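The values are calculated or read from the model by the stated rules, or taken from the named source; none is laboratory data. Just so it is clear, the model here is predicted, and its values are computed rather than measured. Using ideal geometry, Cβ is built from the backbone for each residue, glycine included, and neighbour counts are taken over all protein chains shown.
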Amino acid sequence: MSPARVTALVPARDEALVVGRTVTALRSIEGIAEIVVVDDGSRDETAGVAGEAGARVLRSPNNRGKGWALEGALARLEPADVYLLIDADVGETASEAARLIEPVLAGELDLAIGALPPLPGGLGTVRAVSAWMIERAGAMRMESPLSGQRAVRGDALQACRPLARGFGVETAMTMDALRLGFRVEEIPVPMTHRLTGRDLLGFAHRGRQGWDILVAGAPRLLGLR
């Protein structure tokens, strides 16, 4: 029997300063067949840095949002048995994602979600809304409902498509997977990413994220998706 095909998907926008380190760390994980950086309309050298680090790069000329960028990539790629979704800004700690792949490859989980150490400040209200929606949909209490670090079986991911738009993709994916009866669990991982600031840009990011989560989650709670 041939080994399971594992594809790493790294959505990225304007992450030239760190995406190379993320790709290099992912290359250290045994068993990943392909690392694909999905460049969602970056205005910097994200695509070039990712390619130089050894990733395949899929570029979009426009910023379509995280969920649609991933959906577009899935439509273009060879199907995989397991997908590893990793945020571009985790840098060297991306190597810890091996802890997420292992239980999925072992057949113990269908969706393993990385629970990162808590950071000060950030997205408390948005996180709480996401966690509440997930608990209502699938009776699962989550510590890191917004985590973009996750390993998922190919059939489970396919069942959750089309993926939700923008920053609602993680919340919606978890809600869909639980509703469909897939085995979902959080796995503690010592990974870190850039902290959202408390400046105007940070609050704007929180606003976009919160809106995307509401747009993705509400129809699922109402049984419309």
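Side notes on the structure shown:
- All positions within segment 143-152 that are of a type in the set (A, V, I, L, M) and in contact with a strand residue (DSSP E or B) (Cβ under 6 Å, 6 or more places away or on another chain): 151, 152
- Evaluating residue 128 against the criteria (1) within 20 Å of residue 221 (Cα to Cα); (2) in contact (Cβ under 8 Å) with a residue 24 or more places away in the chain; (3) more than 11 Å from the chain's Cα centre (by Cα) leaves one unmet condition, (2).
- Checking each residue in segment 131-149 for being more than 15 Å from the chain's Cα centre (by Cα) and under 13 Å from residue 185 (Cβ atoms) picks out 134, 138, 140, 141, 142, 143.
- Only one of 92, 52, 108, 96 that is more than 12 Å from residue 12 (Cα to Cα) and in a loop (DSSP other than H, G, I, E, B): 108
- Restricting 55, 88 to residues that are buried (at least 16 other Cβ atoms within 10 Å of the Cβ), of a type in the set (A, V, I, L, M, F, W, C) and more than 22 Å from residue 172 (Cα to Cα) narrows the list to 55.
- Applying the criterion of being surrounded by fewer than 23 Cβ atoms within 10 Å (Cβ to Cβ) and among the hydrophobic types (A, V, I, L, M, F, W, C) to the residues of segment 10-35, the residue that is nearest to residue 60 (Cα to Cα) is 16.
- Selection count where residues are more than 13 Å from residue 37 (Cα to Cα) and either among the small types (Gly, Ala, Ser) or in a loop (DSSP other than H, G, I, E, B) (or both), scope segment 67-89: 6
- Pair list, Cβ < 6 Å and 6+ apart or interchain, from segment 171-187 residues that are farther than 16 Å from residue 213 by Cβ and in a loop (DSSP other than H, G, I, E, B) to residues that are of a type outside the set (S, T, N, Q) and at pLDDT 95 or above: 180/159; 182/110; 182/111; 182/156; 183/109; 183/110
- Filtering segment 158-165 for residues that are at pLDDT below 95 and in a loop (DSSP other than H, G, I, E, B) leaves a non-empty set.
- Close pairs from segment 154-169: first more than 14 Å from residue 7 (Cα to Cα), partner assigned to a loop (DSSP other than H, G, I, E, B) and modelled with pLDDT under 95, Cβ under 6 Å, at least 6 apart: 165/65; 166/65
- When the residues of segment 13-30 are filtered to those that are outside any loop (DSSP other than H, G, I, E, B) and hydroxyl-bearing (Ser, Thr, Tyr), the one that is nearest to residue 54 (Cα to Cα) is 24.
- Identity of the residue in segment 79-107, of a type outside the set (A, V, I, L, M, F, W, C) and free of Cβ contacts under 8 Å to residues at least 24 places away in the same chain, that ends up nearest to residue 50 (Cα to Cα): 102
- Check on residue 114, closer than 17 Å to residue 175 by Cβ and either touching a Leu at 6+ places or on another chain (Cβ under 8 Å) or among the aromatic types (Phe, Trp, Tyr) (or both): no
- Here residue 173 does not qualify as at pLDDT 95 or above, surrounded by 18 or more Cβ atoms within 10 Å (Cβ to Cβ) and in contact with a Leu (Cβ under 6 Å, 6 or more places away or on another chain).
- Every residue from segment 186-213 that is loosely packed, with under 15 Cβ neighbours inside 10 Å and at pLDDT 90 or above: 188, 190, 211
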